[in-house]
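*Asks:* Dropping a structure here in structure tokens format, bear with me for questions.
The values are calculated or read from the model by the stated rules, or taken from the named source; none is laboratory data. Owing to the predicted nature of the structure, the values given are computational and were not obtained by experimental measurement. Every residue, glycine among them, receives a Cβ derived from its backbone with ideal geometry; neighbour counts consider all protein chains shown.
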Amino acid sequence: MSMHKCGLFYTTYAREDGLFPSKFQKTCLALFFAVLLACPQFLDSYVMSILNLILIAVIGAVSLNLLTGVCGQMSLGHGAFVGVGAYGAAVLSNLGIPFFLALLGGGAVAAMIGMVFGIPSLRLKGIYLAISTLAAQLILEYVFLHAGSLTGGANGLPVDAPEIMGYSFDTDSKIFYLILLVTVLCVLVVTNVIRTRPGRAFVAIRDYHQSAENVGVNLFAFKLQAFGLSSFLAGIAGGLWAHYTMYITPEQFSMGLSISYLAMIIIGGMGSVLGSIFGAIFITLLPEMLNLLTTSLGGIAPDLSAIIVPMKEGVFGLMLVLFLIFEPEGLARKWRLTKAYWKLFPFAY
Amino acid sequence: MKKLLVLTVLALVASISTASAAYKVGLLSDLTGPTSSVGAPYADGIKAYVAWLNDNGGIAGEPVELIQVDYAYNVQQALAAYKRFTSSGIVAMQGWGTGDTEALVKFVAKDHIPVFSASYSAHLMDPAKAPYNFTAAPDYSTQGRAGLKYLRESWKEARAPKLAFVFPDNPYGSVPIPAMKEFATELGFEIVGQENVDLKAIDATPQLLSLKKVEPDFVWTGGTTPSTAVIMKDAQKLGMTCTFLTNIWSSDENIFKLAGDAANGHFGLQGGVIYGQDVPGMKIIRELTKDQPQMTHYVRGFVSAMVMCEGMKMAKAGGEVTGESIKAALETMRDFDPQGLAPAISYFADDHRPNLSVNITAFTDGKLEFVKTETLERKKEWLGH
């Protein structure tokens, strides 16, 4: 359901096709960014670090949503692609290559590896493809651990904080601007890709591959493109993660990371860019909220806290299940319904 | 629903407003994640010592306030927890696993926060790479070397003892293997094989069948207690006669619950004493726990907090207690005796290995028994390897 304000008449196709067709939307977005840009001035490093983690998660989730939600290609290996980007960017950075080039280089390596593991997607679909990407996850984890001369192996790989023109982004507040910039670019890229010819081809493949082929979509080429672009963006997320944490080890890019990205796009809304953002925020914040709650309960009722702490993972799982039952189309749909409610208020139609 | 929301908000506000003037210390624990079975008793040990210290004068009259966060063994959550700690103004931190300790190495160095973790990876003991990282037990490689030394000394036959390694193929499992292999060769062991058994394995028969063919006298295991129990039970089933040497996380009081009598006759390595062992510090632990036996991890957590607080006391004696002053004080610590609960601890500005002494324990009739403390020479070339 897409609703615009009454009286919004387009005179050109380009305007109708605009990302933000109304002035109200543009103003809201400008205000949102103004607040976001001001955040480092009045928030402490804890909240800033959460914001940074959310932004990196947004890139990972948006990129997976492009592959899984838009193109219909299941992936359980996204965490490993993030890892490839992280190691790629870290190695390049350690060789003295400037930050942005290293970041792009990490993304490029991830894209190549992603496309290699995307090759089986011509023959495999659904759960079969999921298992084949799971194999990618296992193989890449093995490489991270055993290619010691390149990745540091079990000892991990230290990386320096990003430095541009001699200015070091070594605090949460400073690096926030950098991560925000890259995240906005990545989100814009995905949003626009969905509106282009390849994007429509992705959707056609997701909806029914045979029909797509019948109307002239080259399945293999477009599936590979989806894997390539998705892995590239995942690699960018990895590169940012590596430069942010300044120390990467194989454990950071485990199966758990892949699953958490999947959870983000399912909770947020499959195939929706906005949904990926909501999902990334939700999944990153939920453990923090549960932690805050259990810590605060510990201060008020220590006995109760002792019972609740072990239940934390269970509560996390329960939240996911309840979400899937009551809002299977994710937070993106909830957002649309909320907007519609206010637009139609007080009438229900 | 509204009531629940109001309660939640109230709880959050209460949590933010409970600030005090104590020395704040972050406690990063795994209470709900994959290592929670050992993470929880370790954290209990830390909390018990800090509670005892606060009841007994604190740091020159000032209490230590622990801020505990359960990060469920997730690096991202560990990072957020660390930022929460630094925003609260901590002067030191008690960490936990390898992944999170490594991920925080550069942050703690930049923020000058000394960290005592339970990750004993050798590279974390090298101040050149991890200047603010400390541990209360020697590194995995040193532990392994000490265990091998003990086995070699107790070997009476004329031929060279045959040794095999079983470990999970992950950073934690594989990190000490090259160092141990090198030392084993030096000691005159014959290395006959190595196998990988996953931490979540429920069967190790295929791996043990190949080991059975090479007839090892000793088998090193570096996993967790459940995976070691699987290995021991399968070895017993296959009629293997080898003796197992298990690393610090591969065996504890639960080994008998999981492996039964298959654990009998094998050895384990520990960084602290066993509950009830006759050392001065055990009196405090027995009082605090009302004579309820605790796992060896509890004792190690207790010691870790004790050493950290000793560093804080030393820093206080020299002036202000800050992360930097605690680090500087710790680096002057020489042969600090944690009341017998662990071997004496010394740190140096260029060497953060607490000691090179490891407690050997034997598994006999359902109980862990202290055998001896094996001590190695503090060799420079072993630092970080």
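*Asks:* I'd like to verify a number: residues in the stretch A:226-251 that are aromatic (F, W, Y) and either more than 14 Å from every other protein chain (Cβ to nearest Cβ) or in contact with a strand residue (DSSP E or B) (Cβ under 7 Å, 6 or more places away or on another chain) (or both), how many?
*Replies:* 3
*Asks:* Please identify the pairs in which a residue from the stretch A:263-290 that is closer than 11 Å to A:I50 by Cα has its Cβ atom under 6 Å from the Cβ atom of a residue that is hydroxyl-bearing (S, T, Y), counting only partners at least 6 apart or on another chain.
*Replies:* Every condition considered, no pair remains.
*Asks:* Please pick out the residue among B:Q339, B:Q294 that is in contact (Cβ under 8 Å) with a residue 12 or more places away in the chain, in contact with a Lys or Arg (Cβ under 9 Å, 6 or more places away or on another chain), of a type in the set (S, T, N, Q) and over 13 Å from B:A137 (Cα atoms).
*Replies:* Checking each option against the conditions leaves just B:Q339.
*Asks:* Assess whether A:F222 counts as being in contact (Cβ under 8 Å) with a residue 60 or more places away in the chain, touching a Pro at 6+ places or on another chain (Cβ under 7 Å) and either in a helix (DSSP H, G or I) or of a type outside the set (G, A, S) (or both).
*Replies:* For A:F222, the condition - in contact (Cβ under 8 Å) with a residue 60 or more places away in the chain, touching a Pro at 6+ places or on another chain (Cβ under 7 Å) and either in a helix (DSSP H, G or I) or of a type outside the set (G, A, S) (or both) - is met.
*Asks:* May I pose another question? What's the total number of residues in the stretch A:271-298 that are crowded, with 21+ Cβ neighbours inside 10 Å, more than 8 Å from chain B (Cβ to nearest Cβ) and either outside any helix (DSSP H, G or I) or of a type in the set (A, V, I, L, M) (or both)?
*Replies:* Residues flagged as crowded, with 21+ Cβ neighbours inside 10 Å, more than 8 Å from chain B (Cβ to nearest Cβ) and either outside any helix (DSSP H, G or I) or of a type in the set (A, V, I, L, M) (or both) within the stretch A:271-298 amount to 8.
*Asks:* Among the residues of the stretch B:154-178, which ones are among the aliphatic types (A, V, I, L, M) and part of a strand (DSSP E or B)?
*Replies:* Across the stretch B:154-178, the qualifying residues are B:L163, B:A164, B:V166.
*Asks:* What number of residues in the stretch A:158-186 are crowded, with 20+ Cβ neighbours inside 10 Å and closer than 14 Å to A:L229 by Cβ?
*Replies:* 1
*Asks:* Could I ask something else about it? If you check A:A102, A:A86, which single one turns out to be surrounded by 12 or more Cβ atoms within 10 Å (Cβ to Cβ), small (G, A, S) and within 14 Å of chain B (Cβ to nearest Cβ)?
*Replies:* Answer to the selection: A:A86.
*Asks:* Moving on to the next point. Could you list, in sequence order, the residues of the stretch A:29-52 that are within 11 Å of chain B (Cβ to nearest Cβ) and surrounded by fewer than 23 Cβ atoms within 10 Å (Cβ to Cβ)?
*Replies:* Correct list: A:L43, A:D44, A:S45, A:Y46, A:V47, A:M48, A:I50, A:L51.
*Asks:* Taking B:K156 as meeting all but one of (1) closer than 24 Å to B:T361 by Cβ; (2) in contact (Cβ under 8 Å) with a residue 12 or more places away in the chain; (3) not acidic (D, E), write down the number of the exception.
*Replies:* (2)
*Asks:* So which residues in the stretch A:145-191 are without any contact (Cβ under 8 Å) to a residue 60 or more places away in the chain, under 17 Å from A:L53 (Cα atoms) and within 11 Å of another protein chain (Cβ to nearest Cβ), if there are any at all?
*Replies:* The one that is without any contact (Cβ under 8 Å) to a residue 60 or more places away in the chain, under 17 Å from A:L53 (Cα atoms) and within 11 Å of another protein chain (Cβ to nearest Cβ): A:D170.
*Asks:* So B:F302 clears everything in (1) surrounded by 24 or more Cβ atoms within 10 Å (Cβ to Cβ); (2) more than 18 Å from B:M125 (Cα to Cα); (3) out of contact with any Leu (no Cβ under 8 Å at 6 or more places or on another chain); (4) not charged (D, E, K, R) except one condition, right? Which one?
*Replies:* (3)
*Asks:* If you scan the stretch B:120-153, which residues turn out to be within 11 Å of chain A (Cβ to nearest Cβ), closer than 23 Å to B:G272 by Cα and not in a helix (DSSP H, G or I)?
*Replies:* B:S121, B:D126
*Asks:* Quick one: count up the residues across the stretch A:113-130 that are under 20 Å from A:L257 (Cα atoms), free of Cβ contacts under 8 Å to residues at least 60 places away in the same chain and either in contact with a Pro (Cβ under 8 Å, 6 or more places away or on another chain) or surrounded by 15 or more Cβ atoms within 10 Å (Cβ to Cβ) (or both).
*Replies:* Residues meeting the conditions: 2.
*Asks:* Among the residues of the stretch B:204-226 satisfying the criterion of being in contact with a Pro (Cβ under 8 Å, 6 or more places away or on another chain) and surrounded by 20 or more Cβ atoms within 10 Å (Cβ to Cβ), which is modelled with the highest pLDDT?
*Replies:* B:F218
*Asks:* List every residue pair whose Cβ atoms lie under 9 Å apart, where the two residues are 6 or more positions apart in sequence or sit on different chains, the first residue falls within the stretch A:325-349 and is over 13 Å from A:F278 (Cβ atoms), and the second residue, located anywhere, is of a type outside the set (S, T, N, Q) and assigned to a helix (DSSP H, G or I).
*Replies:* A:P328/A:I266; A:A348/A:Y341
*Asks:* So which residues in the stretch B:227-241 are surrounded by fewer than 18 Cβ atoms within 10 Å (Cβ to Cβ) and within 19 Å of B:L163 (Cβ to Cβ)?
*Replies:* Scanning the stretch B:227-241 gives B:L238, B:T241.
*Asks:* Then there is this: Which ones in the stretch B:251-296 are farther than 21 Å from B:E374 by Cβ, outside any loop (DSSP other than H, G, I, E, B) and among the β-branched types (V, I, T)?
*Replies:* Answer for the stretch B:251-296, where residues must be farther than 21 Å from B:E374 by Cβ, outside any loop (DSSP other than H, G, I, E, B) and among the β-branched types (V, I, T): B:I284, B:I285.
*Asks:* Tally time: how many residues in the stretch B:151-192 are among the aromatic types (F, W, Y), within 20 Å of the chain's Cα centre (by Cα) and surrounded by fewer than 20 Cβ atoms within 10 Å (Cβ to Cβ)?
*Replies:* Result for the stretch B:151-192: 0.
*Asks:* Report yes if A:P310 is closer than 27 Å to A:I179 by Cβ and assigned to a helix (DSSP H, G or I), otherwise no.
*Replies:* no
*Asks:* Would you check which residues across the stretch A:193-218 are without any contact (Cβ under 8 Å) to a residue 40 or more places away in the chain and not aliphatic (A, V, I, L, M) and list them?
*Replies:* Of everything in the stretch A:193-218, those that are without any contact (Cβ under 8 Å) to a residue 40 or more places away in the chain and not aliphatic (A, V, I, L, M) turn out to be A:T196, A:R197, A:P198, A:R200, A:Y208, A:Q210, A:S211, A:E213, A:N214, A:G216, A:N218.
*Asks:* Here are some residues: B:A81, B:A51, B:A72. Which one is in contact with a strand residue (DSSP E or B) (Cβ under 6 Å, 6 or more places away or on another chain), within 14 Å of chain A (Cβ to nearest Cβ) and outside any strand (DSSP E or B)?
*Replies:* B:A81
*Asks:* Now, a different point. Is it true that some residue in the stretch B:86-97 is facing chain A (nearest Cβ under 8 Å) and of a type outside the set (S, T, Y)?
*Replies:* No, the stretch B:86-97 contains no residue that is facing chain A (nearest Cβ under 8 Å) and of a type outside the set (S, T, Y).
*Asks:* Further question: Check B:D198 against each of (1) part of a loop (DSSP other than H, G, I, E, B); (2) surrounded by fewer than 23 Cβ atoms within 10 Å (Cβ to Cβ); (3) more than 26 Å from the chain's Cα centre (by Cα) and name the one condition it does not meet.
*Replies:* Result: B:D198 passes all but (3).
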